[in-house]
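Worksheet: the structure to be examined is printed underneath.
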Amino acid sequence: MAHVKTVVTTPFAGQKPGTSGLRKKVSVFIQPHYLENFVQSVFDSIGNTVGKTLALGGDGRYFNRTAIQTILRMAAAAGFARVMVGRGGILSTPAASCVIRKYKTFGGIILSASHNPGGPDEDFGIKYNIPAGGPAPEAITEAIYARSLTIQSYKLVESDDIDLDQLGTVRIGTMEVDIFDPVADYAALMETLVDFAAIRALFASGFKMRFDAMHAVTGPYAHEILERRLGAAPGTVMNGIPLEDFGGGHPDPNLAHAHDLVAALSGPESPDFGAASDGDGDRNMILGRDFYVTPSDSLAVLAANAPLCPGYTRGLAGIARSMPTSAAADRVAAKLGIPCYETPTGWKFFGTLLDAGKATLCGEESFGTGSDHVREKDGLWAVLMWLNVLARRRESVADIVTAHWREFGRNVYSRHDYEGIETAAAEGLMDHLRGLPLVGTELDGRTVSVFDDFAYTDPVDGSVSTKQGIRVLFEDGARIVYRLSGTGTQGATLRVYIEQYEADPSRHGLDPQVALVDLIATARRLAQIEDRTGRAEPTVIT
Ligand code: VG1
Ligand code: CO
């Protein structure tokens, strides 16, 4: 047995996991003991770790490799028998969930700050996923936080760094470290869910696509699956090499940040289909030629077309969406006669519904779509589902979405983010809203029917989550939601979600910013956004 060393430490304030794990600046994480305190708090909060297997990997950002070496030494000291590490320290978030489930590990640690920029001056993140494969529920993240506030020491085994790039098994003390191919298990799972033969035939017929991996984790996955297994032309995958700083970009697949892709998909000669994913591979953006698919619509279209895909031919048990996501999926669920669940923001709330077989597809307006195949949202899976639908329907993305609107009506939708505002101003704004007596009053010609701070009782385990976003629901079905982000690392980010139902097909083609102009004005005025934050306009519109 290698020597286990106990290191005395003192607690750090603020090691509280947010919407998706603990995210901080790299400068915070590299402080002596900071990462170690959090990892020990995880190991102390998840039950007996002796003899267990852990999955470990990340999105490849700066500090990923260093953190992995530290976590391996600590896992050995915690008595883990085995740690499975993606080669090069790489594991996309959905691939990590896949591996945890497939090999029945005692959960996993995922190193990622998702779509936040990477590099020495940017962000890092860490989260623990449970044996079911999904993000730890709040009861566990709260236990981890509580532990971090009392921690006095952590343990590690003294050993040299291991070579993360060499496939195979090495040992740290008695603990096995298996360096495995991070793509193979995930790609095999995808082959069971979508019709690879149909998609191969689509590409063979001259169909053209661009996939923007944004120099983040999905590059190797997209090269293998899209270009090698599905026969998409070489060059289909753009920015396919993972870089520690994502090439200086912001690996967030939206119209503002995936500008290379948006440019590539504009004009009559452009490819038929475009997609992008984020830092850790769980988000997706779907584009047609000169056409943007809102994530809420993408969920609804996939739900309506899922039986075209081999993994879903038997139909869906139910759909789940986060509260700020539009009600487009609800309309599909109603037509299919299946339930639609409304959960708080963050994938951790879908886990119980998926485990209980109550929901098959899940989605969030924040470019997250997924299903019961793993317990994370899954960017490439969503892209493959779209390809499967396109291969079977042989219509353009725009035609599929506009036909969907004609059938179900359009939930016109937009999210406005005000990033990096002062925390006190953001909290003051939310307090101001909470205090308003709105129910039954009229705002710019619309009557408020419901006004609350969203609370959720999990229908499976009964756990309650409160203060999940302020909702203003109007009698005509329009809606405004206000939330503060739980993933940022600097100041606060106010998210304003605006939605209005449009049944009239002659108005379906309008730009949402135009169609929603009155509601957007109401949202700004009601929350006194400019007065309180100094911002006349949002920083990002999706
Ligand atoms: C954001 C999104 C939320 C998503 C979360 C994690 O959270 O709004 O829908 O689940 O990011 O996604 P917030 O609290 O900043 O609004 V990822 O791809 O960053 O793991
Ligand atoms: Co992500």
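Summary table below
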{"quantity": "Per-residue Cβ neighbour rank within 10 angstrom, fewest leading, T489, T169, T369", "calculated": "T169, T489, T369"}
{"quantity": "Alpha carbon convex hull of the range 255-362, volume per residue in cubic angstrom", "calculated": "123 Å³"}
{"quantity": "For the range 158-198, projected area of the alpha-carbon convex hull averaged over all directions, nm²", "calculated": "4.1 nm²"}
{"quantity": "Filter on K24/K348; K5/K348; K102/K155 - keep pairs with C-alpha separation over 25 Å", "calculated": "K5/K348; K102/K155"}
{"quantity": "Alpha-carbon Debye profile of the range 186-408, log10 I(q)/I(0) at 0.07, 0.09 Å⁻¹", "calculated": "-0.19, -0.31"}
{"quantity": "Ranked C340, C98, criterion: other C-beta atoms within 10 Å, fewest first", "calculated": "C340, C98"}
{"quantity": "Length-normalised contact order for the range 259-315 - Cα pairs under 8 Å, 6+ apart - percent", "calculated": "22 percent"}
{"quantity": "For the chain: relative contact order, % (alpha-carbon pairs under 8 angstrom, 6 or more apart)", "calculated": "13 percent"}
{"quantity": "Computed lengthening from D504 to E342, 0.36 nm per intervening residue step minus Cα-Cα distance", "calculated": "55.7 nm"}
{"quantity": "The chain, helix-only ellipticity at 222 nm - DSSP H runs n ≥ 4, -39,500 (n - 2.57), divided by all residues, nearest 500", "calculated": "-8500 deg cm²/dmol"}
{"quantity": "Overall dimensions of the chain as given by Cα atoms, namely Rg and Dmax in Å", "calculated": "22.9, 73"}
{"quantity": "Distance histogram in 5 Å bins (all Cα pairs of the range 69-159, percent per bin)", "calculated": "3, 12, 18, 23, 23, 16, 5, 0"}
{"quantity": "Sparse-neighbourhood loop sites, GluC sites (Glu not before Pro) in the range 358-440 - DSSP loop, at most 16 other Cβ within 10 angstrom", "calculated": "E395, E422"}
{"quantity": "Cβ-derived FRET efficiency at R0 30 Å, S153 paired with I30, nearest 0.05", "calculated": "0.90"}
{"quantity": "Euclidean distance between Cα centres, the range 92-170 to the range 471-493, Å", "calculated": "29 Å"}
{"quantity": "Ranked list, fewest to most other Cβ atoms within 10 Å of each Cβ, for S270, S20", "calculated": "S270, S20"}
{"quantity": "Span-like helix ranges in the chain, DSSP H, alpha carbon extent 18 angstrom or more, Kyte mean at least 0.5", "calculated": "379-393"}
{"quantity": "Extension reserve of the R406-D511 stretch, reckoned as 0.36 nm per residue once the Cα distance is removed", "calculated": "36.2 nm"}
{"quantity": "Kirkwood-Stokes translational diffusion coefficient of the range 123-251, alpha-carbon pairs, 4 °C, 1.567 mPa s, µm²/s", "calculated": "70 µm²/s"}
{"quantity": "For the range 394-453 versus the range 45-79, the gap between their alpha-carbon centres in whole angstrom", "calculated": "40 Å"}
{"quantity": "Proximal aspartates and glutamates to K467, defined as alpha-carbon separation beneath 15 angstrom and excluding residues fewer than eight positions away on the same chain", "calculated": "E138, E342, E427, D431, D452, D453, D458"}
{"quantity": "Rg in Å to one decimal, and Dmax rounded to a whole Å, for the range 410-541 via C-alpha atoms", "calculated": "15.3, 45"}
{"quantity": "Cα convex hull of the range 4-181 - mean projected area over all directions, nm²", "calculated": "8.8 nm²"}
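Here, each number is a calculation from the coordinates, and none is a lab measurement. This is a predicted model, so every value here is computed, not measured. Cβ: placed from backbone, ideal geometry, glycine included. Neighbour counts: every protein chain shown.
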